[in-house]
Amino acid sequence: MRLIGLFAMCVLFTACATPPIFPPEIMKDVETDATALKSWKEQSYHPSSANLVPHKVELGGQIMRVIPKPGGWDLLVAEEPLEKYRWHDFTRVQRKDSFWYAIALNDFPDPSMLQRGNKLVVVGTTDRAATEIIGGAQKVLPQLLAQCLHIWQIDELEANRFPYGDTVGYFPPESTFCDESKGGSLSK
């Protein structure tokens with residue numbers, strides 16, 4: 001019985017000791033205010049809100065589409081809970097009502113990591129909504145100006161091996177990219 005208790009304590013301590021994805025200087029001033037995030041998301045429905053105040057936030061999601069732009073990319077991302085990434089849970093959850101947002105990237109990430117289906121966590125500044133083309137139709141999406149991006153390269157064939165969430169032992173390649181012009185200290 002003591003052995004089981006000791007094992008449970010080791011598991012809990014290991015879970016609590018999970019290293020942060022981004023360094024403390026990147027996470028400085030990240031807001032956790034749900035009201036600010038909610039008003040930013042509502043731009044999808046009311047894009048003319050002229051009094052948008054930028055906030056530094058951390059969001060998680062899955063890349064749904066990559067759009068090349070002069071000097072960078074726009075990533076269309078379906079939001080996913082951040083807690084998922086703290087435990088390396090890479091099960092595929094396809095919600096029809098998931099919130100989509102766009103991440104504006106300068107020329108700092110490795111293009112091979114910008115693939116549909118890859119999971120990410122981003123720290124950036126909220127910005128005004130912009131129109132994106134999704135499935136041939138125009139849709140207004142709130143924009144996030146990325147400062148740092150952590151991407152897990154999810155191979156579709158590998159992800160299909162674990163359709164029911166049993167991903168024990170599956171740790172896909174991952175990389176962190178930061179835009180040094182926006183205060184990031186990492187480049188890869």
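Selection of segment 55-84 for residues being of a type in the set (D, E, K, R) and not in a strand (DSSP E or B) yields 83, 84. Of all residues in segment 107-140, those satisfying the criterion of being farther than 23 Å from residue 37 by Cβ and either assigned to a strand (DSSP E or B) or among the hydroxyl-bearing types (Ser, Thr, Tyr) (or both) are 112, 133, 137, 138.
For every residue, the table says whether it meets (1) at pLDDT below 60; (2) over 21 Å from residue 149 (Cα atoms); (3) surrounded by 10 or more Cβ atoms within 10 Å (Cβ to Cβ).
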| position | (1), (2), (3) |
| --- | --- |
| 22 | no, no, yes |
| 26 | no, no, yes |
| 35 | no, yes, no |
| 39 | no, yes, yes |
| 44 | no, yes, yes |
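The values are calculated or read from the model by the stated rules, or taken from the named source; none is laboratory data. These numbers come from a predicted model, not from an experiment. Here Cβ is always computed from backbone atoms with ideal geometry, including for glycine, and neighbour counts include all displayed protein chains.
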